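See structure below.
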Amino acid sequence: MKVLVTGATGFVGSHVARALLTDGHDVSIFRRRESSLDLLADIAADVRHDIGEIMDPDALALAMRGCQAVFHVAGAVGLEG
């Protein structure tokens, strides 16, 4: 199954992406351009990378094209009250 993982550059999301790959899924990740790939170093070449902002509906729709499932693991960081 083709799946999209948001938040895959984070701790939880990287484990989700890795588990999906291990289970034989075709994994795409949706990430910000400035996101570090350190936690994905061992699998970065095995996944498709879509770059964009989670609040950009066009970028998100493009990343989701062809996917049968989405694992939304992205979290908000640095928000001020």
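Tabulated results
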| quantity | calculated |
| --- | --- |
| Every pair of residues 6+ apart whose Cβ atoms lie under 8 Å, when the first sits in segment 33-51 and is in contact (Cβ under 8 Å) with a residue 12 or more places away in the chain while the second is loosely packed, with under 15 Cβ neighbours inside 10 Å and basic (Lys, Arg) | Ile51/Arg32; Ile51/Arg33 |
| Subset of segment 13-37 that is loosely packed, with under 13 Cβ neighbours inside 10 Å and at pLDDT below 95 - its residue that is farthest from Gly52 (Cα to Cα) | Ser36 |
| Count of segment 38-52 residues which are modelled with pLDDT of 90 or more and open to solvent by 90 Å² or more (accessible area, probe 1.4 Å) | 3 |
| Residue count, segment 1-12 (criterion: over 11 Å from Val73 (Cα atoms) and open to solvent by less than 40 Å² (accessible area, probe 1.4 Å)) | 1 |
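The values are calculated or read from the model by the stated rules, or taken from the named source; none is laboratory data. These numbers come from a predicted model, not from an experiment. Methodologically, a virtual Cβ is constructed for each residue, glycine included, from the backbone with ideal geometry; neighbour enumeration extends over all protein chains shown. The area values use the complete protein model at the heavy-atom level, side chains included, leaving out ligands, DNA and RNA. Shrake-Rupley method; radii C 1.70, N 1.55, O 1.52, S 1.80 Å.
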